[in-house]
Every structure is written in structure tokens, then in C-alpha cells.
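Rule-based calculations on the coordinates, nothing more; no lab input. Fair warning: this is a prediction, and the values are worked out from it, not measured in the lab. Note that we place each Cβ from the backbone using ideal geometry, even for glycine, and neighbour counts take in every protein chain shown.
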Amino acid sequence: MPIFKIAVYPGDGIGPEVIDEAVRVLDAVQDLDGGFQLEKTTLPWGAKYWETHGRVAPENFLDVLRPFDAILLGAVGWPAKIPDYVTLAPLVTIRQTFDQYACMRPARLFPGVKSVLAGKGSADIDMLVIRENSEGEYVDNGGRFRRGRPDEFAVQTALHTRRGVERILRFAFDMACKRRRRLTMITKSNAQRYAYVLWDELLEELAPQFPDVHAERQHCDAAAMNMVRCPEHFDVIVASNLFGDLLTDLGGVLSGGLGLAPSTNTNPERTYPSMFEPVHGSAPDIAGQGVANPVAAILSAAMMLDHLELRAAAEHIRSAVGAALGEGRHTRDLGGSLTTRQMGDAVISRLGVSEPRVA
């Protein structure tokens, strides 16, 4: 029986609450499948760790994480206590040091969930946004000068490499081949003629190698408009670190809300552990109330199982989520009344249900 070592990093705010439900679902599907074992280690890092140690994670946190097969993250951040740039620093370091360059964030509208878009249903919204996760605008490259003076200025330089852009485009083409064979690359090459013209040129170089995929490019502002206007047009979207970050929040809202939006930070070569987390933040304003939607964390756990090549177990989870949502089992953010725990119960009770039943 294969055994996988999982680092569970609940984090802050609602993170521990939603991760508790994701772990319960993982335990249940492990019992149902019977063919694998997850050895989970919980890491008590985040705001509480900072209160005791003056930092959100130990100095050797990368060494601690390196031996694991995967990392399951809840959410981090408590702005009233710690500046976001301090809280997020370990996450950015994990993504870059472990070369988790492929961030995948699916946006799928489940049957039984209402979109904010009038007249759009589950057949219209099913896209996968792939975000380049290792360079671009999130590289710490620049500085502030003449601080406090009237002529103070800041320089923030994005870094885009041929290697980095080419590998994320190849990854996106491969994912498009597994889906509906349509790829849309997002740039802003009409305004940023160096970095994003490089993206444009590399798409032109690679597209002939994937003749079965219809490849196009859109500027980021047009893509944001078109995701609202005609979401059914999109299948796989690939974008830079910044544009991917922005568009995935939009995709999450279109597909029912961030409480349903999972994500991965993937090292496709499996040289390092990959990290799986819901797109939503730590939401300190509702922490401890038991009302957070755990579905995004549960679906992130399913994506973790996909990465571990436990695809049948992952599909059990997605089917159970679809069945629960299709029956109208919703938390407060979706207009329902279920607590976080009750939503977890609803998913667990439907493991093995193959098709959602729309209420």
C-alpha cells in the first residue's frame, strides 16, 4: 500500500476550520478506497506562532517541509496583528524555492449553485486558470528611494525569462489537450512591450507543436471583460503571476464564490513537494464562528490526490461535493444555513454518489 507524507499547515483565521473538514474528507475517502494511506503532520505556524516566536514560521521551515510528498494549506494572514507582507513571505518562499511554478485554479460552476451572471449555468462556466507562479511581478526585485521626501519613488521590476514562460506555456498546452483543447494566453503586450512581447513570441513558437489546440491571446483587461460577458468561451487560461492572481479571483466569483475555489502550487517534475490551498483568504472577521465554507479546501485536497496519482479517490471527493451542492446543501455564503462542520458532513455522507441531484 502506498504511503504519502502530508504536511498540514492550517494557518490563520478560518484556515484551521476549513482544513479540519478537508482532513475529515480525506480520512473518509481513504477508508472508502482502502488502497493508500496518508500520514499527516500538522504544523502550528502562523499568527499564533508569531506571537510566541516573533516570526510566522521557524527559520528552517523549508528543511521541515522538504521531505513531505505534499503540503495542504488552509489560509494565512491576520492583518490587524501582522502586516501581510510578513505573513505571506514564507508562502512566496515556498513557491519559489520548491519551484512550484504551475499554479492551477479551476473555476467550475457546480449544478445547484447560482452564478452572479444572469442566464449562465453549470454548462457555461468551467475553466482552468494556470498562473505562472515563480517569477513575474512577485519576484522581490526593486526598492524604495528617498523615503519620506517629496521626490520619493519606488521601483518594482517584473522578471520574465524564456525558460519560465516557455515551461508554463507547455504545461498549459498539455492541460488543454486533456480538456477541451482551447487555450487563451493573457498578456498586456500593447503596453508592456518587453516582457509581454516575449510571451507573445513564445506562444507563436509553441502553438504549431500542439496543432489540436486552438490557441489565442487576449489582453488582461479584455479577458476580464470577456470572462463576464461570455465565460463559456474559455477553457484553459494561462497568465503571468500577477494577471493570473487577478483573474482567478474573478473566476472564483463567477463560479459561485471564493468558498468554492481550490488551487494548487505545483512542481510538475516532483523534485519538491507541491502545495494545495483554497483561493480564499483567512477571513479573520468570521474566524471561530463555524460559518466558513470548507468546499474550496476540500476540493484543494482532491487536487492533492490527483497530484499523488490517486485519481479515483480525487474523483470520489469531487462527485460528493457536486452531489451535496446539487441537493442544495449550502453554507451561508451560498445562501444556505449549514455550518462548516455540517457542510463537511454533507460531503462525507455523499462519498460514492456518482451524480449530483439538483434540488
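Quick rundown of the values:
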| read-out | value |
| --- | --- |
| Over segment 223-289, relative contact order from alpha-carbon pairs under 8 Å, at least 6 apart, % | 21 percent |
| Around Glu135: net Lys/Arg minus Asp/Glu count, Cβ-Cβ under 14 Å | -1 |
| Calculated diffusion of segment 224-359, Stokes-Einstein form, Kirkwood radius summed over Cα pairs, 25 °C and 0.890 mPa s, µm²/s | 153 µm²/s |
| Cross-link partners of Lys48 among lysines (Cα-Cα below 18 Å; sequence separation of 8 or more within a chain) | Lys81 |
| Longest to shortest principal axis, alpha-carbon extents of segment 126-254, angstrom | 55, 32, 23 |
| Summed residue charge, Cβ within 14 Å of Ser263's Cβ, Lys/Arg positive, Asp/Glu negative | -1 |
| Backbone HN-Hα couplings from phi across segment 259-270 [Karplus 6.51/-1.76/1.60, Hz, Gly and Pro as x] | x, 10, 9, x, 7, 10, 10, 10, 9, x, 6, 6 |
| Neighbour net charge for Cys103 - beta-carbon separation under 11 angstrom, K R +1, D E -1 | 0 |
| Stretchable slack from Gln209 to Leu250, in nm (0.36 nm times residue separation minus alpha-carbon distance) | 11.7 nm |
| Descending semi-axes in Å of segment 282-359, equivalent ellipsoid built from Cα gyration tensor | 22, 17, 8 |
| Interchain or long-range residues, amide H under 5 Å from Ile237's placed H | Leu128, Val129, Ile130, Thr184 |
| Mean separation of Cα contacts under 8 Å (6+ apart) over length of segment 126-254, as relative contact order % | 38 percent |
| Normalised per residue, the volume of the convex hull around the Cα set of segment 1-46 (Å³) | 45 Å³ |
| Dipole magnitude (debye, nearest 20) for segment 165-243, charges at Cβ of Lys, Arg, Asp, Glu | 240 debye |
| Highest average packing first - 171-183, 250-262, Cβ atoms within 10 Å | 250-262, 171-183 |
| Burial ranking of peptide ranges 264-277, 33-46, 148-161, 106-119 (average Cβ count within 10 Å, highest at the top) | 264-277, 106-119, 33-46, 148-161 |
